[in-house]
Amino acid sequence: MGKKLKFNWRKWLDGFALAGKGILLATKERKFQIGFVVAFLFFGTLMNLLAGGMSKFQLMGAVGIGGTMKIIGDALIGVFGVNMIFMEWVPVFTIAVLQGILIGLIVFLWDKKRKQPGTTDNETNTNSANVEKAGIITGLIALGAGCPTCGTTLLTPLMGAIFSTGGLAASGVISGIVTAVAIIIAILALRRIGEEAYVIIINERYMRRRAEREKK
């Protein structure tokens, strides 16, 4: 009889520890900081704009430039909890932070690998896979964005068409599930990319110290 494969929980959790170290080290890098800030503000603002389904976008088309800028400005400061209901702000802020870290790491790794001579096809495929993961998470975030408690999400029209009655309640539940899935995928992606960032940073430091020793 073949041996049963046993999942190594300790190794799996150690991966999160290394990823955490990698993320902390990456926060000191300018490329990461730029990627994080841009992604954090963009996704946080986008989710606040989608809080009422497509109603805010429809309103922006009717109020002119001044009104549009005010709506976007309110959505932007809402990322920091201004004029937001706490229970609706927490998931928006959490997802914006996770997506910001993910994009920041992808930008950081892309920049590091771009500067390294002899980039392999495997590394190029890894970069593409990381971008694809970020894209999947973005799609799930957009699909589940809105206000699950009041039933105003992008899923509402679809659920209303499928279920003539109870569409609002169903869309709220499903959007919550979709958002939870997006968060889980983001955390798992951060584990993988954070580990990769840790390895690159530590290796870079080792090579720098080695070069300094050889000069002496």
TODO: Would you calculate the separation in nanometres between label points at Glu204 and Lys11, each defined as 7 Å from the Cα along the Cα-to-beta-carbon direction?
DONE: 2.8
- [ ] Mind scanning Lys31/Lys70; Lys28/Lys113; Lys31/Lys113; Lys21/Lys112 and naming the pairs with a C-alpha gap bigger than 24 Å?
- [x] Lys31/Lys70
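A short reminder: the numbers here are calculations on the coordinates, not readings from a lab. Being a predicted model, the structure only gives us computed values, none of them experimental. A quick note on method: Cβ atoms are made from the backbone with ideal geometry, for glycine too, and the neighbour counts reach across all protein chains shown.
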